[in-house]
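The values are calculated or read from the model by the stated rules, or taken from the named source; none is laboratory data. Since the model is a prediction, treat every value here as computed from it, not as a measurement. Protein only, heavy atoms only, side chains kept; ligands, DNA and RNA dropped before computing areas. Shrake-Rupley method; radii C 1.70, N 1.55, O 1.52, S 1.80 Å.
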Amino acid sequence: MTARERITRTLTEAFRPVSLEVIDESHLHKGHAGHRPEGETHYRVRIVAEAFRGKGRVDIHREVNASLAEEFAGGLHALAIEAKAA
């Protein structure tokens, strides 16, 4: 299973989003900190979920990052998050 597939599965289970897009942007970070030749280090997540209703941006980002703790421990270096409530 790829990192993209694991991230998608984890976020789907955690937040039941109405919309979710997980984009591997690793190729844009060649030569930057955390980049590995095999990729799967830098991702962008666009997520819309009812679970975010009434929460501020910082809280949402903390929840998303916490849900992906295993991915960060396994080599995910950077995650750009675009999140909003459904």
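See the values below:
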| quantity | calculated |
| --- | --- |
| Accessible surface of the chain, 1.4 Å probe, proportion on carbon and sulfur as whole % | 50 |
| 0 to 90° range, to nearest 10: angle between helix 57-67 axis and the chain longest Cα axis | 60 |
| Most mobile of 58, 45, 22 in a GNM of the chain (Cα contacts under 10 Å) | 58 |
| Surface accessible to a 1.4 Å probe, per residue, for the residues of the chain, Å² | 60 |
| Along each principal axis, Cα extent of the chain, largest first, Å | 39, 25, 20 |
